[in-house]
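To keep things clear, I will list the structure first and then write my remarks on it.
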Ligand code: ADP
Ligand code: MG
């Protein structure tokens, strides 16, 4: 902080402020507080002065320049650069220097208004200005003068009137302006800034109505953004003004503040549609950000009382502050939006990087699992062909279903990591799914509870008759999770109810228990991933997975619960069915016997495929590995080749090309755990005709055999 020059003994300002100097010996703390206040005022003053279009200088009590305003610097940007701290004397042309300085030092000068008459500046000695000056007194201490230059008398008077008048009045106006400016500048939210502007402007000048228009840059129209108005608010807010239209439009176009004291008879004024004609006075000033008009503040005083020039000046100062606040708020908004976008992008990047890593891992695991499941599924289906014992068959069917569900689970992992593109929905009867789930979970609600000496009764009310489109395995997972949660919630036993019904075009499933229920806090978080109250036993994933699956089925899942009253989960699906792919009649005809070559580098898969083909009546030769496959094909013309894709050294692509180069008409079937990631175009270009995804069922193999047969018949 600058030392207060007013304290120096021989300072002329000390004479002017002689009777205001506080008595010596006052507490240092008070001095400090006063100094801090002065510094704050100084900062605010700089901003305020910049908003005034006339050249102005704030001069310290030591007659050195404290702050020049922007307009003053612009008078001569070179000569006026770095003015701060320069003696006022330096700035004045030599011929007027002494007389001006003498007036500052004249102890008989009346306080308040201080008219300095004509001055010339050293930088532009040919231009004569009318200078006016007022003193600013703070804490009973003269701290500075504000000097204002005007090219002609009338505007000099108008401008300085704001600052002139009794010391009291100047103080009050500045105080009001500062308070209001603070209120406006205090927010970074545009709506709050605008709202504060229209409310607070009355503290600076008394008016009946105030409207702030903002310029829509794209449409080039002024739109009311905030207003304080007694009547016809809707009419005013509906107003759209082109620059040049009405008083506010004129101000936006010219960038100059304007007073129109008899709006009824002013050709530029326009009547707001839907409001009565009344005598009123208007004062409008532009809101400018870096010399560009961004809006207009329009004040209205009803009746005869007009506005004075001094008020225009005040509102101009106020508008300068508001413009800065508006510009800040907009910048802040833009920055925040950019930041939000960045954060969003970043979290997406992190998410996708995670998924990519996971995807690569999952892809490999899925491939291996598909091979394993292919062996299990194939063997089971082969056994089912021959076994007749009912109990063994029942168990084999369970194994088969488990393998199919396992394949489905692998596919979901691939889908979760966006590897999977095929989404196959079928027409389902939810009742069948529910009965299956009840069977599947029987150990949990029957054997396990019995072991603990309690009993869980089940009630089944399946009344839905409409179909839904979906994936049975996924829906089984949803309801299995709900049933297991219900059983968990009844540690002392109770009743588990599974119900289905058709309601308003939806199929609704309810899973109800008479268990411990949930408090509102738990209830609010049940669908969050990893939320669990089951400590070690729970993963907290059951319901979030269920939620995802139900959403994918275009359904909704809701929950109702109260502590000690039990819980009810309601799942709704739209009634829907999927057009079944029509089966050609030929599917009933027996398959012709083809000579087939099967190649794979994994023995279990190789043999199960061989055996499945054999069971389907084919004449099969199996070869372990790609090289052996090519060797076999070169000796014997096979009708069709089944080959694994990923094999060391000679892979499926190599084999396919070898086959096509020797006998282009031989269909090649790729059997792969990567099936869903292959694209049609690539396949054809590489000599592959059909794909069988692993794990394959007997049905899959028979379907592809039928396609192969058709292809061979077409070629013949
Ligand atoms: P987990 O079962 O592994 O905890 P879920 O996502 O299936 O994860 O369930 C999350 C939580 O929701 C449970 O830990 C439990 O607090 C609550 N919850 C779910 N179903 C019920 C229910 N039927 N009755 C009471 N609480 C339940
Ligand atoms: Mg659970």
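A short reminder: the numbers here are calculations on the coordinates, not readings from a lab. Please read these numbers as outputs of a predicted model, since none were measured by experiment. Glycine also receives a Cβ, built like all others from the backbone with ideal geometry; neighbour counts cover every protein chain displayed.
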Which order do the peptides 507-513, 493-499 come out in when sorted by mean C-beta neighbours inside 10 angstrom, highest first?
507-513, 493-499
How much of the DSSP beta bridge set in region 595-715 is antiparallel, as a percent to the nearest 5?
0 percent
Cα extents of region 588-716 along the three principal axes, largest first, in whole Å?
40, 32, 31
Measuring from centroid to centroid over Cα atoms, what is the spacing of region 233-290 and region 646-716 in Å?
78 Å
Quick check on region 186-335: take the gyration tensor over C-alpha atoms, sort the square-rooted eigenvalues as a ≥ b ≥ c, and tell me if it's rounded (a/c under 1.5), prolate or oblate.
prolate
Share antiparallel - DSSP beta bridges, region 439-589, percent rounded to 5
75 percent
Taking only C-alpha pairs under 8 Å that are 6+ residues apart, what is the relative contact order of region 195-318 in percent?
26 percent
Pull out a ≥ b ≥ c, the square roots of the eigenvalues of the alpha-carbon gyration tensor of region 441-559, then state rounded if a/c is under 1.5, prolate if not and a/b is larger than b/c, and oblate in the remaining case.
oblate
Sort 29-36, 377-384 by packing, meaning the average of other beta carbons within 10 Å per residue, with the highest value first.
377-384, 29-36
